[in-house]
Amino acid sequence: MSTPHLVVKDLSIVSAKSPGQMLVDGVSLSIPKGRSLCVIGETGSGKSLVAQAVMGLLPSGLTVSGHIQIASGTAINVGDVSTLRGLWSHTTSIIPQEPGAAFDPLMRIGPQLGGWPQQRHAEINAALATVDLPASANRLYPFQLSGGMAQRVLVAHAMLSDASLVIADEPTKGLDGPRIVQVIALLRQLRDSGKTLLVITHDLTVARGLGGEVVVMRDGLIVECGAADKVLDQPTHAYTRSWLAADPGNWPACETCLQADDIVLAAHHLAGGHDTSQPLFRDLHLHVHKGEVLAVVGPSGAGKTTLGNVLLGLLAPLTGEVSWAGCDPYRDLKGARRLRRRYQKLHQDPVMVFTPHRTLGAQLGDVVEITRQASKPDRLPALMDRLKLSPQLLTRRVGDVSGGEAQRLALARLLLMNPALIVADEPTSRLDPIVQQQTMMLLREIVAEDGLSLVMISHQRNLVTAVADEIIELGVQHHSSGRGLSHHATGQSAES
């Protein structure tokens, strides 16, 4: 059996403000060198407190007891904060939940990676390259980094440090599917380089992706532990089973989805927004069939555009799952790439879709080249005629056409992609009543003739009632039908 690299023994944490309130109760765990251990559990289970205790970063107002031993060092009392903090960089390193908070905002990245670039130039560049960042990143300031870049810089820092133990606290919090896959790969790189990993997470994808050992915590106690594949596939504790069952990937199959073979888009148990504590909408279910118009209405700020972006795979949901004809774009990345062109957005400001300095013909020609198949002739002339657009418009730039013409040209651009579904976000908000009517009738006609599906986002209920088959209203607790069809979508906004 491998010698433990990290040992936590009888760790207990009590709130001094509420004597007797045990936040962590006698937790003991160990990790062999070069291996990983994921601590999973719901919010408030005490898992992040374990990580903070190892680093000597527990907040004030807590009473702690227990011991920590790292590598072959002597056991350290968990209350000896100065000794634990003395291990930073050369023995322990942390990748925090919020990458941006880990940097000095007034210092370039190079010096923060362990020295001035000229002193460790080659070493720093090699670490950056390992996490797929250019050498020029060491000259950037933290505010110039995207969230994903900041995450990778922290992994590069862990690689450069002498620390043999790396603690990652919720490393995928707030990230979308592709970014989560990237973070898992980076953590594996750290482990493969010989580092020992303690990972705190509520993300089942991370626990499965890393493998190793898993510890399940609830109410400050370890309720189950063991090899990841055994705990996650054959759990013995009732709480572990319920925690795993709550993951969207393990929800029972939707009966509507199973019974229909023409569903283009579906969503289940969906919550969306930018704050998990205050979602814009929650517990939303919907199905869009081939050739159907689903409208989403509600006041400004209800989450209509956010919902559209979630359905299009542009913004990860807070909870729940999205299905594109049976493919979850947030989990099945290969399938999502295959279907990407078939799920498109018609923006409320069509001018923003086009480059202002090139002719519209050149830009639509680019789309034709991308989507052209040898067996199909150029579809653009036929589309222009169908949308009642003069060929002369193709010689102009977007600033030289009317709003209605720009909207129809943007629609032509989408139709060249042969979409299965279009999400139209306030498509008539900038149009006069006559052009608005023409645009809506045209969209409805295309849906009927081509068999594609439409999700229309609007704050005008009277408008969508005229064209929609189904209506979801965010901001209220009910769902209504535009044309009396069967109710197969429900929605509830957090504001209700």
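The values are calculated or read from the model by the stated rules, or taken from the named source; none is laboratory data. It should be emphasised that the depicted structure is a prediction, and the values quoted were computed from it without experimental measurement. Quick reminder, even Gly has a Cβ in these numbers, built from the backbone with ideal geometry, and neighbours come from all protein chains shown. What goes into the accessible areas is simple: the full protein's heavy atoms, side chains included, and nothing from ligands, DNA or RNA. Shrake-Rupley method; radii C 1.70, N 1.55, O 1.52, S 1.80 Å.
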Qualifying positions in the stretch 292-322 - of a type outside the set (Lys, Arg), open to solvent by less than 30 Å² (accessible area, probe 1.4 Å) and not in a loop (DSSP other than H, G, I, E, B) | Val293, Leu294, Ala295, Val296, Val297, Thr306, Leu307, Gly308, Val310, Leu311, Gly320, Val322
Taking the stretch 294-339 as the region of interest, how many residues are among the hydroxyl-bearing types (Ser, Thr, Tyr), within 23 Å of Ala245 (Cβ to Cβ) and at pLDDT 90 or above?
-> 1
Any pair with Cβ under 8 angstrom, 6 or more apart, that starts in the stretch 218-232 at a residue that is open to solvent by less than 80 Å² (accessible area, probe 1.4 Å) and ends at one that is assigned to a strand (DSSP E or B) and not hydrophobic (A, V, I, L, M, F, W, C) | Gly220/Asp25; Leu221/Asp25; Leu221/Gly26; Ile222/Ser28; Gly226/Glu213; Ala227/Glu213; Ala228/Glu213; Val231/Glu224
State yes or no: is Asp283 in a loop (DSSP other than H, G, I, E, B) and either without any contact (Cβ under 8 Å) to a residue 60 or more places away in the chain or more than 24 Å from Val367 (Cα to Cα) (or both)?
-> no
Do we have any residue at all in the stretch 109-123 that's open to solvent by 20 Å² or more (accessible area, probe 1.4 Å) and under 23 Å from Ile184 (Cβ atoms)?
-> no
Taking Gly291 as meeting all but one of (1) in contact with a Gly (Cβ under 7 Å, 6 or more places away or on another chain); (2) modelled with pLDDT of 85 or more; (3) farther than 18 Å from Asp262 by Cα, write down the number of the exception.
-> (3)
The listed residue being farther than 29 Å from Arg337 by Cα, surrounded by 16 or more Cβ atoms within 10 Å (Cβ to Cβ) and small (Gly, Ala, Ser), out of Ala168, Ala150, Ala156 | Ala168
Does any residue of the stretch 71-83 turn out to be under 24 Å from Ala227 (Cα atoms) and either under 33 Å from the mean Cα position of the chain (by Cα) or surrounded by 14 or more Cβ atoms within 10 Å (Cβ to Cβ) (or both)?
-> yes
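How many residues are surrounded by fewer than 17 Cβ atoms within 10 Å (Cβ to Cβ) and modelled with pLDDT under 90 when one looks only at the stretch 84-96? Explain how you work it out, then say what you get.
At the first step, the residues of the stretch 84-96 found to be surrounded by fewer than 17 Cβ atoms within 10 Å (Cβ to Cβ) are 85-86, 88-91.
Filter again for modelled with pLDDT under 90, leaving 88-90.
Counting residues in the stretch 84-96 that are surrounded by fewer than 17 Cβ atoms within 10 Å (Cβ to Cβ) and modelled with pLDDT under 90 gives 3.
What tally of residues in the stretch 285-317 results from selecting those that are among the small types (Gly, Ala, Ser) and within 13 Å of the chain's Cα centre (by Cα)? Let's see the steps before the verdict.
Looking only at the stretch 285-317, we keep the residues that are among the small types (Gly, Ala, Ser), and these are 291, 295, 298, 300-303, 308, 313, 316.
From what is left, the residues that are within 13 Å of the chain's Cα centre (by Cα) are 313, 316.
Summing the residues that are among the small types (Gly, Ala, Ser) and within 13 Å of the chain's Cα centre (by Cα) in the stretch 285-317 gives 2.
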Listed by first then second residue, the pairs whose first member lies in the stretch 233-246 and is without any contact (Cβ under 8 Å) to a residue 24 or more places away in the chain, whose partner is among the charged types (D, E, K, R) and outside any loop (DSSP other than H, G, I, E, B), with beta carbons under 8 Å and at least 6 positions apart or on separate chains, are Pro235/Glu224; Pro235/Arg241; Thr236/Glu224; His237/Glu224; Tyr239/Arg218; Tyr239/Glu224
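Return the only residue of Arg331, Arg340 being open to solvent by 50 Å² or more (accessible area, probe 1.4 Å), of a type outside the set (S, T, N, Q) and in a helix (DSSP H, G or I). Walk me through how you get there before you give the answer.
Details: Arg331 fails: in a helix (DSSP H, G or I).
Arg340 is the lone residue from the list that is open to solvent by 50 Å² or more (accessible area, probe 1.4 Å), of a type outside the set (S, T, N, Q) and in a helix (DSSP H, G or I).
May I ask you to verify whether Ile68 is under 28 Å from Ile184 (Cβ atoms), touching a Pro at 6+ places or on another chain (Cβ under 8 Å) and not basic (Lys, Arg)? Don't jump to the end; show me each part of the working.
Details: under 28 Å from Ile184 (Cβ atoms): yes; touching a Pro at 6+ places or on another chain (Cβ under 8 Å): no; not basic (Lys, Arg): yes.
The answer is no for Ile68.
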Within the stretch 189-216, track down each residue that is open to solvent by 10 Å² or more (accessible area, probe 1.4 Å), under 20 Å from His237 (Cα atoms) and in a loop (DSSP other than H, G, I, E, B).
-> His202, Asp203, Gly211, Gly212
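With the condition kept exactly as written, say whether any residue in the stretch 247-261 is of a type in the set (A, V, I, L, M, F, W, C), at pLDDT 90 or above and within 22 Å of Tyr330 (Cβ to Cβ). Quick ask: steps written out before the conclusion?
As a first pass, look at the stretch 247-261 and keep what is of a type in the set (A, V, I, L, M, F, W, C): 251, 253-254, 257-258, 260.
Narrowing the set further to residues that are at pLDDT 90 or above leaves none.
Taking every residue of the stretch 247-261 in turn, none turns out to be of a type in the set (A, V, I, L, M, F, W, C), at pLDDT 90 or above and within 22 Å of Tyr330 (Cβ to Cβ).
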Check the stretch 163-170 and report whether any residue there is among the hydroxyl-bearing types (Ser, Thr, Tyr), in contact with a strand residue (DSSP E or B) (Cβ under 7 Å, 6 or more places away or on another chain) and modelled with pLDDT of 85 or more.
-> yes
